Amino acid sequence: MSIILRPSLEPYEAPRITMTCAVAAAKAIRKVAGIDCRIKWPNDLLVEGKKVAGILTEMSADMDSINFVVTGIGINVNNTDFPAEIKETATSLKLASGKNVDRLKILTEFLSQFEGFYRDLENGDFEKILGEWRELSCNLGKRVRIIGRNSELEGIALDVDSDGALLVKTDGGTVERVLSGDVSLRE
């Protein structure tokens, strides 16, 4: 599903929308399917370490204002089979819960959760959303590896800041602020 939004945020604050969507989706999955769903920075939802959903946010903006944002989310609800290339890393709510999950209930619960959190975001209370995000994160406090366009980084994920950047303490002791990249959990 995709949602078109016209937020009263600055363009640099757009990652907050992805984080808001992730919190709403994780909470909806937990409530409706009754399974432990976690957020993997920046835009994936995991169940038992496997990807169950992904979020993509695209924006049209001017220098100082957002025209609109389209946030898309795909949740594997009642899938029972996956292509060979993702079979080991993907799951569905049905596979994780052992039962069919009502797609309409997932949708309505997600929209209900999202509406409340989006209202908080619009009212300037991103700290509330950030607190929920931290509680649902599977990255924080864990060793991570981040592969970016031109670099690679490994260390401990300490936190996320108010811009949605992941703060990683490297093996060299410095704290790096990561804005994008492919993250994997390390042992």
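The values are calculated or read from the model by the stated rules, or taken from the named source; none is laboratory data. As the structure is a prediction and not an experimental result, all values here were calculated from the model. FYI the Cβ positions are ideal-geometry reconstructions off the backbone, even for glycines, and counts take in every protein chain you see. Heads up: the accessible areas ignore ligands, DNA and RNA and are worked out on the full protein's heavy atoms, side chains in. Shrake-Rupley method; radii C 1.70, N 1.55, O 1.52, S 1.80 Å.
Observations, loosely collected:
- Taking the accessible area of region 59-187, probe 1.4 Å, and keeping the other protein chains in place, the carbon and sulfur fraction comes to 47%.
- Computed magnitude of the charge dipole of the chain (debye, nearest 20; Cβ of K, R +1, Cβ of D, E -1): 780 debye
- Region 17-115: Cα Rg divided by the 2.2 N^0.38 Å rule of thumb: 1.13
- The Cα trace of region 107-187 gives Rg and Dmax of 14.8, 46 Å, the first to one decimal, the second as a whole number.
- Using C-alpha pairs under 8 Å with a sequence gap of at least 6, the mean separation divided by the residue count of region 105-177 gives a relative contact order of 17 percent.
- Of 94, 40, the residue with the largest accessible area leads and the full order is 94, 40 (1.4 Å probe).
- Rounded accessible area of residue 59 (nearest 10 Å², 1.4 Å probe): 90 Å²
- For region 1-68 versus region 150-187, the inter-centroid distance based on Cα atoms is 19 Å.
- Projected label points at residue 70 and residue 105, each 7 Å from Cα along the beta carbon direction, are separated by 3.2 nanometres.
- Positive-end ranking of 75, 117, 3 along the dipole of the chain, with charges on Cβ about the Cα centre, is headed by 75.
- Probe 1.4 Å, accessible area per residue of the chain, Å²: 53 Å²
- The candidates 107, 45, arranged from most to least accessible area with a 1.4 Å probe in the full protein assembly, appear as 107, 45.
- Debye intensity ratio I(q)/I(0), log10, the chain, q values 0.11, 0.17 Å⁻¹ (C-alpha model): -0.49, -1.15
- Surface calculation, 1.4 Å probe, protein heavy atoms: residue 32 sits at approximately 50 Å² accessible.
- Normalised by the number of residues in the chain, the mean separation of alpha-carbon contacts (under 8 Å, six or more apart) gives a relative contact order of 22 percent.
- Partners for residue 50 among lysines (Cα-Cα distance below 19 Å; same-chain residues under 8 apart left out): 27, 31, 40, 87, 94, 99, 142
- Accessible area of residue 109 in the full protein assembly, 1.4 Å probe (Å², nearest 10): 30 Å²
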